[in-house]
1. For the stretch 449-464, how many residues are surrounded by 11 or more Cβ atoms within 10 Å (Cβ to Cβ) and over 29 Å from the mean Cα position of the chain (by Cα)?
2. Any residue at all in the stretch 189-200 that is loosely packed, with under 13 Cβ neighbours inside 10 Å, assigned to a strand (DSSP E or B) and either among the hydrophobic types (A, V, I, L, M, F, W, C) or in the same structural domain as residue 264 (by TED's automatic domain parsing) (or both)?
3. Kindly evaluate residue 114 against the criterion of being assigned to a loop (DSSP other than H, G, I, E, B) and under 25 Å from the mean Cα position of the chain (by Cα).
4. Would you mind stating whether residue 310 is assigned to a strand (DSSP E or B), assigned by TED's automatic domain parsing to the domain that holds residue 244 and under 29 Å from the mean Cα position of the chain (by Cα)?
5. Given the structure, is residue 75 part of a loop (DSSP other than H, G, I, E, B) and surrounded by fewer than 17 Cβ atoms within 10 Å (Cβ to Cβ)?
6. Could you tell me which of the residues 361, 299 is surrounded by fewer than 21 Cβ atoms within 10 Å (Cβ to Cβ) and not in a strand (DSSP E or B)?
7. Among all residue pairs at least 6 apart or on different chains, which show Cβ distances below 6 Å where the first residue, located in the stretch 329-348, is farther than 22 Å from residue 434 by Cα and the second is at pLDDT below 90 and of a type in the set (Val, Ile, Thr)?
8. So, in the stretch 388-415, exactly how many residues are in contact (Cβ under 8 Å) with a residue 40 or more places away in the chain and either out of contact with any helix residue (DSSP H, G or I) (no Cβ under 8 Å at 6 or more places or on another chain) or among the basic types (Lys, Arg) (or both)?
Amino acid sequence: MATVDEKNSAAIDGQFDLRITEDKMGMFLSCETSVIKSPAFMDEVKKHLEKMGVKAAPDIDSINSLQLKISQTNEAISNFPIAFGTQPVMPKDGRLEWTEDFFAKGYQIDPVTKRIDFKQKMERRSVEKDQLLVRVIPPEEGSDGVDVLGMPIKVPRAKKVELRGGQHVVWDGNEKGFRATCAGRVKYVGNMVDIDEVLHITGDVGKDTGNIRHNGQVIIDGNIESDFNVEASGDIEVKGLIYASDVICGGNLYAHEGINENSAKRIAVKGEIVAKYILNATIECHGNILVKKEIFQSNIKTSGEVNCSEGRAVGGEIYAAKGIIVGEVGSKGNVKTLLVVGIDCFLLNELKRLTDTIDKNKDTIKKMLPVYKKLKASISMLTPAQKEGMMEVNFKILEAEEEIKTLEEQGKDIRKRIFANREAQIIVMDTIFPGAILRVSDTQTGVAETLLGPIVVLIDKITAQIALSSELAKRELKK
């Protein structure tokens, strides 16, 4: 039986009811068979449809089928559709149709050990020259509808997908997509698709090469020597050691033999980091960090997770928004070691930048508003040039006010995202030594005695305080 709206109904001499559905897209009839057979039936229906404000015309085919049914049976009619609105047609947004699963998330499973191989990602970003990368499917507009009362039902415009090609791709008009003009690794950032070409250095980055800056992937067979910098828009793979140098990486950073930095240098990575060990380093990373042996006296900030499950973290500070897994924390010498999860430091910095800009605009308004009011008060005495100057001051005030409004809205969104990982955890597989400080979101605890793992550190949902639980750890490891 159709769902109807009791408020939109009319009774005719107790003989039949006309009702409008809740979505106002249909008109239904309930009546005795004698009403249908009446010569005045159609006139009565039209009269009451008009009285109810129904603009949709009765469906003659439906009514004819109803009268045919009545001729064969004397059963009463209940909720029979006799008028309809025009259903809206929803639009189809434009989309990208990739020819391969280039950007698959996660890592492959080692077929022998059945463990996750953090060195082998699922993504298949390697492409050949002339390979079709992606098709751009255009949007399809919808059409508005009208309900039985004649009210329009508007549908949104279809959204067009934006995609631009970089210098290593070309548009294929037949396929309506982009092709690679060289072999390399496909890159999709913002609304641009491009190919990273590979720069292969067979020795060290040092005096023979000078500083390296490359728009693409870099493979270094040797070391990055002290004070020689490497910057690449794609992945950087170092088969030797990274010594005290600035490394700016737009993709993933692979340090096969480790990172032996000093705190005056900086490593900034947009993707993930895989390293044998990290020593005395200052690191900013937007992806996950996998370390095999040790993180020693380093300051690390990442929007992802830090995994050193088979090693230890000693000294320094590690901020990992999505969680930390480590074998040991601290050392027998009570070295202060700070582990923080659930906070995205990059968002905190962005919020500070917005706040500083808002304060700057407020200061601008504070300085200019008295000037504007003074000029406006004596506007009849101003020269044309002074009036133009007054309008320019007013424009700057309005511009500052508009920017403040925009930035405050952005700030609200950032504040929500800063603590989006509040349920992140610190998992310690082996030992927590005294001197460790463990923080989850905005709550922390210090460790005064040696604790044996496995231990999960998280915020208790009932007390909102830090909880350390080995039982939780066991369940976590079974997942």
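The values are calculated or read from the model by the stated rules, or taken from the named source; none is laboratory data. This one's a predicted model, so the numbers in the text were calculated from it and none came from an experiment. Cβ placement follows ideal geometry from the backbone for every residue including glycine, while neighbour counts extend to all protein chains displayed.
1. 5
2. Going residue by residue through the stretch 189-200, those that are loosely packed, with under 13 Cβ neighbours inside 10 Å are 189-191, 200.
Among the residues that remain, those that are also assigned to a strand (DSSP E or B) are: 189, 200.
If we keep only those that are either among the hydrophobic types (A, V, I, L, M, F, W, C) or in the same structural domain as residue 264 (by TED's automatic domain parsing) (or both) as well, we get 189, 200.
Within the stretch 189-200 (the criterion being loosely packed, with under 13 Cβ neighbours inside 10 Å, assigned to a strand (DSSP E or B) and either among the hydrophobic types (A, V, I, L, M, F, W, C) or in the same structural domain as residue 264 (by TED's automatic domain parsing) (or both)), the answer is yes, since at least one residue qualifies.
3. Working: assigned to a loop (DSSP other than H, G, I, E, B): yes; under 25 Å from the mean Cα position of the chain (by Cα): no.
Considered against the rule, which asks whether it is assigned to a loop (DSSP other than H, G, I, E, B) and under 25 Å from the mean Cα position of the chain (by Cα), residue 114 comes out as no.
4. Details: assigned to a strand (DSSP E or B): yes; assigned by TED's automatic domain parsing to the domain that holds residue 244: yes; under 29 Å from the mean Cα position of the chain (by Cα): no.
Against the criterion (assigned to a strand (DSSP E or B), assigned by TED's automatic domain parsing to the domain that holds residue 244 and under 29 Å from the mean Cα position of the chain (by Cα)), residue 310 does not qualify.
5. Numbers: part of a loop (DSSP other than H, G, I, E, B): yes; surrounded by fewer than 17 Cβ atoms within 10 Å (Cβ to Cβ): yes.
It is true that residue 75 is part of a loop (DSSP other than H, G, I, E, B) and surrounded by fewer than 17 Cβ atoms within 10 Å (Cβ to Cβ).
6. Values: 299 fails: not in a strand (DSSP E or B).
Only one candidate qualifies: 361.
7. From the stretch 329-348, the pairs are 344/418; 347/414; 347/418.
8. 1
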